[in-house]
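Heads up, the thing below is written out as structure tokens.
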Amino acid sequence: MSLKGEINKIALSGATGFIGTQLCQFLEYNGYQVELITRAHLKGPIEGLSKLINGCEAVINLAGAPISRRWTEKVKGQILYSRLNVTRKIVEAIDGTIDKPNLVISASAVGIYDSYEVHDEFSTNYANDFLGEVCKKWEAEAFKVGKSNGVRLCIARLGVVLGNGGGAFPKLIRPFKMGLGATLGDGHQVFPFIHINDVLSGFWYLLKREASGGIYNFVAPEMVSNKEMSTAIAEKLRKPLWLKMPEFMLKLMFGEGAQMLLNGQKVIPKRMLKDDFHFAFPTLESALNVLCKK
């Protein structure tokens with residue numbers, strides 16, 4: 001018998017990030033009580049985190065150090081450790097609960113895929129670079145939750161999340177607004193994107209659809225290149241696009257982290273499309289029509 005009361009609760013890690021902040025507001029608006037998994041919970045005794053999670057309908061794990069910066073060895077360690085450590089502790093805490101959550105949604109990224117093939121959720125052509133290895137290890141920790149606990153697990157492999165409240169988009173369009181927009185490298189790399197509203201709807205879809213489980217690609221159905229994306233933004237903002245940022249300059253600026261900008265993944269959300277999930281922003285133009293007005 002469930003010990004859950006009338007109030008539906010969801011435990012959320014990574015609530016201070018762009019996606020986490022938006023998701024927290026979205027869940028509260030839709031009637032959930034959100035229990036925030038804080039650094040104090042993660043650093044303290046595991047029993048405290050188990051107590052927080054106990055009786056929650058779901059746990060959503062978004063925690064992880066930012067990756068959009070120069071990758072020193074220290075930064076790479078933070079990127080990897082933050083994701084593995086939080087996920088490992090959440091799994092361990094769930095083991096210690098009496099009234100376990102029905103669902104765990106754990107974030108990952110489309111950076112797990114290589115840059116050559118077209119990938120749906122059943123693809124195993126993974127990247128062998130740093131981000132690919134991070135995602136593989138991250139997901140491996142998350143998959144431990146369902147093996148012994150009978151908890152439904154969903155992995156959300158996120159593309160670049162576009163929204164005006166934070167994240168990548170404000171940084172992306174800032175140089176365009178100043179007339180300094182540029183294509184990156186040769187511009188042929190794919191730009192796998194998704195609007196923040198579709199991310200929120202996607203989490204709701206996984207939460208409410210009990211048949212959902214396993215890997216889901218959180219990307220818009222349309223595939224566009226970096227050059228196509230840059231051209232579209234410049235046109236929406238009525239700004240010129242005449243600059244090109246060469247590969248060597250990106251590597252000087254971001255080091256190994258330049259691979260995020262130079263290597264794009266060709267990803268399709270096959271499972272969500274098959275289940276008739278409604279994308280409010282299925283194309284880049286539909287997303288920019290809203291984002292570039294604000």
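The values are calculated or read from the model by the stated rules, or taken from the named source; none is laboratory data. Note that this is a predicted model, so its numbers are computed, not measured. Note that each Cβ is placed from the backbone with ideal geometry, even for glycine, and that neighbours are counted across all protein chains shown. Areas reflect the complete protein model, heavy atoms only, side chains present, ligands, DNA and RNA absent. Shrake-Rupley method; radii C 1.70, N 1.55, O 1.52, S 1.80 Å.
Kindly establish whether residue 224 is in contact (Cβ under 8 Å) with a residue 24 or more places away in the chain, out of contact with any Gly (no Cβ under 7 Å at 6 or more places or on another chain) and either buried (at least 21 other Cβ atoms within 10 Å of the Cβ) or under 25 Å from residue 151 (Cα atoms) (or both).
Details: in contact (Cβ under 8 Å) with a residue 24 or more places away in the chain: yes; out of contact with any Gly (no Cβ under 7 Å at 6 or more places or on another chain): yes; either buried (at least 21 other Cβ atoms within 10 Å of the Cβ) or under 25 Å from residue 151 (Cα atoms) (or both): no.
In short, no.
Among the residues of the range 156-165, which ones are among the hydrophobic types (A, V, I, L, M, F, W, C) and open to solvent by 10 Å² or more (accessible area, probe 1.4 Å)? If you could, list the steps in order and put the result at the bottom.
The first filter runs over the range 156-165 and keeps only residues among the hydrophobic types (A, V, I, L, M, F, W, C), leaving 156, 158, 160-162.
Across the range 156-165, the qualifying residues are 158, 160, 161.
Quick one: is residue 53 within 19 Å of residue 143 (Cα to Cα) and of a type in the set (A, V, I, L, M)?
Values: within 19 Å of residue 143 (Cα to Cα): yes; of a type in the set (A, V, I, L, M): yes.
Spelling it out, residue 53 is indeed within 19 Å of residue 143 (Cα to Cα) and of a type in the set (A, V, I, L, M).
Under 8 Å between Cβ atoms, at least 6 apart or on separate chains: pull out the pairs that start in the range 35-58 with a residue that is among the small types (Gly, Ala, Ser) and part of a loop (DSSP other than H, G, I, E, B) and end on any residue that is at pLDDT 95 or above and surrounded by 15 or more Cβ atoms within 10 Å (Cβ to Cβ).
Listed pairs, sorted by first residue: 55/9.
Okay, residues lined up against (1) charged (D, E, K, R); (2) open to solvent by less than 50 Å² (accessible area, probe 1.4 Å):
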residue: 25; (1), (2): no, no
residue: 43; (1), (2): yes, no
residue: 48; (1), (2): no, yes
residue: 51; (1), (2): yes, no
residue: 59; (1), (2): no, yes
residue: 62; (1), (2): no, yes
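Tell me, which residue of the range 59-80 that is in a loop (DSSP other than H, G, I, E, B) and of a type in the set (Gly, Ala, Ser) is farthest from residue 14 (Cα to Cα)? Please lay out each step first, then the result.
Taking the range 59-80 first, the residues in a loop (DSSP other than H, G, I, E, B) are 62-72.
Within this subset, residues satisfying the condition of being of a type in the set (Gly, Ala, Ser) are 63-65, 68.
On the way: 63: 4, 64: 7, 65: 9, 68: 16 Å.
Applying the filter and picking the extreme gives 68.
Which residue out of 249, 229 is outside any loop (DSSP other than H, G, I, E, B), over 16 Å from residue 113 (Cα atoms), without any contact (Cβ under 8 Å) to a residue 40 or more places away in the chain and not hydroxyl-bearing (Ser, Thr, Tyr)? Before the answer, list the steps.
On the way: 229 fails: without any contact (Cβ under 8 Å) to a residue 40 or more places away in the chain.
None of the others qualify; the one that does is 249.
Anything in the range 81-95 that is within 18 Å of the chain's Cα centre (by Cα) and open to solvent by less than 10 Å² (accessible area, probe 1.4 Å)? List them, or say none.
Within the range 81-95, 87, 90 meet the criteria.
Residue-wise test of (1) open to solvent by 10 Å² or more (accessible area, probe 1.4 Å); (2) under 26 Å from residue 287 (Cα atoms); (3) in a loop (DSSP other than H, G, I, E, B); (4) modelled with pLDDT of 90 or more.
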| site | (1), (2), (3), (4) |
| --- | --- |
| 123 | yes, no, yes, yes |
| 137 | yes, no, no, yes |
| 143 | yes, no, no, yes |
| 146 | yes, no, no, no |
| 154 | no, yes, no, yes |
| 188 | yes, yes, yes, yes |
| 194 | no, yes, no, yes |
| 204 | yes, yes, no, yes |
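Output the number of residues of the range 206-221 satisfying the condition of being open to solvent by 10 Å² or more (accessible area, probe 1.4 Å) and either touching a Pro at 6+ places or on another chain (Cβ under 8 Å) or in a strand (DSSP E or B) (or both).
The qualifying residues number 3.
Please determine, by comparing only the residues of the range 263-294 that are among the aliphatic types (A, V, I, L, M), open to solvent by 30 Å² or more (accessible area, probe 1.4 Å) and part of a helix (DSSP H, G or I), which one is farthest from residue 168 (Cα to Cα).
Taking the range 263-294 first, the residues among the aliphatic types (A, V, I, L, M) are 267-268, 272-273, 280, 284, 287-288, 290-291.
Adding the requirement that they be open to solvent by 30 Å² or more (accessible area, probe 1.4 Å) leaves 268, 273, 280, 290.
After this cut, where a residue has to be part of a helix (DSSP H, G or I) as well, the list is 273, 290.
Details: 273: 25, 290: 16 Å.
Of everything passing the filter in the range 263-294, 273 is farthest from residue 168 (Cα to Cα).
Take the residues of the range 246-262 that are open to solvent by 50 Å² or more (accessible area, probe 1.4 Å) and not acidic (Asp, Glu): which is nearest to the chain's Cα centre (by Cα)? Reasoning before the result, please.
Of the residues in the range 246-262, the ones open to solvent by 50 Å² or more (accessible area, probe 1.4 Å) are 247-249, 251-254, 256, 260-261.
With not acidic (Asp, Glu) added as a condition, the list becomes 248-249, 251-254, 260-261.
On the way: 248: 28, 249: 27, 251: 24, 252: 26, 253: 24, 254: 21, 260: 14, 261: 16 Å.
Looking at residues that are open to solvent by 50 Å² or more (accessible area, probe 1.4 Å) and not acidic (Asp, Glu), I get 260.
In this structure, is residue 88 under 24 Å from residue 254 (Cα atoms) and of a type outside the set (S, T, N, Q)? Break it down into steps so the answer makes sense when it comes.
Details: under 24 Å from residue 254 (Cα atoms): no; of a type outside the set (S, T, N, Q): yes.
Here the answer is no, as residue 88 does not meet what is asked.
When you look at residue 98, is it part of a loop (DSSP other than H, G, I, E, B), loosely packed, with under 15 Cβ neighbours inside 10 Å and among the β-branched types (Val, Ile, Thr), yes or no?
Numbers: part of a loop (DSSP other than H, G, I, E, B): yes; loosely packed, with under 15 Cβ neighbours inside 10 Å: yes; among the β-branched types (Val, Ile, Thr): yes.
It is true that residue 98 is part of a loop (DSSP other than H, G, I, E, B), loosely packed, with under 15 Cβ neighbours inside 10 Å and among the β-branched types (Val, Ile, Thr).
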